[in-house]
Amino acid sequence: MIHARLRQFTALATGALLAACLSFAAPASASTTVAATTQAPTPLVVNARWAGHPTYDRIVIDLQGYAPAVTVTPVPHLVYDGSGKPVPLPGKYFLEIRLHPAAAHDDAGQSVYHGPKLQKINLGKLKGIALTGDYEGYVTFGAAFDTLPYYRAFPLHSPERFVVDIAR
């Protein structure tokens, strides 16, 4: 009985001592400062444009800063982020292009995006594009097509931009 209590007391004292040492070793303010100074600013989405070529249509998303991670996903329909309201673009097939981390506004909340918010297009494949969201570190675009899109997506550098090529 005495040995069990002694072991319990030793374990509790060791845990308390370890916790106290760790709290003095790295103050919270030091770790926060390091993270804030080494973190790159969120890349900004400043424009979206498109063009038709003989064998493909191209969507280009222009960026300031580094190229963030991007996912391009076929979706059954397009909706605006946050509200869930449908995006009024013609088409039967849709792609969602989502950049993260990214923003289309500056730290003061002012828009830095100068491209179209909703644009009907009449290219060989591409029938429309829309900015569907700029919310909590995600910027989302939707693209509309009459036929199933076969696409390839990749970043380009100097200047930074993200490209989606859609085969005709």
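Just to check your reading of the model, which residue among P149, P116, P155, P90 is surrounded by 12 or more Cβ atoms within 10 Å (Cβ to Cβ), in contact (Cβ under 8 Å) with a residue 24 or more places away in the chain, part of a strand (DSSP E or B) and not charged (D, E, K, R)?
Numbers: P149 fails: part of a strand (DSSP E or B); P116 fails: part of a strand (DSSP E or B); P90 fails: part of a strand (DSSP E or B).
Going through P149, P116, P155, P90 in turn, just one is surrounded by 12 or more Cβ atoms within 10 Å (Cβ to Cβ), in contact (Cβ under 8 Å) with a residue 24 or more places away in the chain, part of a strand (DSSP E or B) and not charged (D, E, K, R): P155.
Scan the stretch 93-108 residue by residue and report those that are open to solvent by 30 Å² or more (accessible area, probe 1.4 Å) and among the aliphatic types (A, V, I, L, M).
Answer for the stretch 93-108, where residues must be open to solvent by 30 Å² or more (accessible area, probe 1.4 Å) and among the aliphatic types (A, V, I, L, M): just A108.
So in the stretch 66-84, with the set limited to residues that are open to solvent by 50 Å² or more (accessible area, probe 1.4 Å) and small (G, A, S), which one is modelled with the highest pLDDT?
Looking at residues that are open to solvent by 50 Å² or more (accessible area, probe 1.4 Å) and small (G, A, S), I get A69.
Going by what's in this entry, would L63 be described as at pLDDT 95 or above, surrounded by 14 or more Cβ atoms within 10 Å (Cβ to Cβ) and within 17 Å of S158 (Cα to Cα)? If you could, list the steps in order and put the result at the bottom.
Numbers: at pLDDT 95 or above: yes; surrounded by 14 or more Cβ atoms within 10 Å (Cβ to Cβ): yes; within 17 Å of S158 (Cα to Cα): yes.
The answer is yes for L63.
Hey, does the stretch 39-46 have a residue that's open to solvent by 50 Å² or more (accessible area, probe 1.4 Å) and either assigned to a strand (DSSP E or B) or touching a helix residue (DSSP H, G or I) at 6+ places or on another chain (Cβ under 8 Å) (or both)?
Looking only at the stretch 39-46, we keep the residues that are open to solvent by 50 Å² or more (accessible area, probe 1.4 Å), and these are 39-42.
With the extra rule that they be either assigned to a strand (DSSP E or B) or touching a helix residue (DSSP H, G or I) at 6+ places or on another chain (Cβ under 8 Å) (or both), the set shrinks to none.
Scanning the stretch 39-46, I find no residue that is open to solvent by 50 Å² or more (accessible area, probe 1.4 Å) and either assigned to a strand (DSSP E or B) or touching a helix residue (DSSP H, G or I) at 6+ places or on another chain (Cβ under 8 Å) (or both), so the answer is no.
Return the total of residues in the stretch 119-134 being outside any strand (DSSP E or B) and either open to solvent by 70 Å² or more (accessible area, probe 1.4 Å) or touching a Gly at 6+ places or on another chain (Cβ under 7 Å) (or both).
Residues in the stretch 119-134 being outside any strand (DSSP E or B) and either open to solvent by 70 Å² or more (accessible area, probe 1.4 Å) or touching a Gly at 6+ places or on another chain (Cβ under 7 Å) (or both): 4 in total.
Taking the stretch 93-102, which residues are assigned to a strand (DSSP E or B) and over 18 Å from P116 (Cβ atoms)?
Y93, H100
So which residues in the stretch 135-146 are surrounded by 19 or more Cβ atoms within 10 Å (Cβ to Cβ), within 15 Å of the chain's Cα centre (by Cα) and not aromatic (F, W, Y)?
If the condition is that a residue be surrounded by 19 or more Cβ atoms within 10 Å (Cβ to Cβ), within 15 Å of the chain's Cα centre (by Cα) and not aromatic (F, W, Y), then V139, T140, G142 are the ones that fit.
Report every pair of residues separated by at least 6 positions or lying on different chains whose Cβ atoms are under 7 Å apart, first residue within the stretch 39-65 and under 18 Å from R98 (Cβ atoms) and of a type in the set (S, T, N, Q), second assigned to a strand (DSSP E or B) and open to solvent by less than 20 Å² (accessible area, probe 1.4 Å).
Cβ pairs passing all conditions: T42/A103.
The values are calculated or read from the model by the stated rules, or taken from the named source; none is laboratory data. Fair warning: this is a prediction, and the values are worked out from it, not measured in the lab. All Cβ positions, even for glycine, are placed from backbone atoms using ideal geometry, and neighbour counts span all protein chains on display. To get the accessible areas, we keep the full protein, side chains included, count just its heavy atoms, and leave off ligands, DNA and RNA. Shrake-Rupley method; radii C 1.70, N 1.55, O 1.52, S 1.80 Å.
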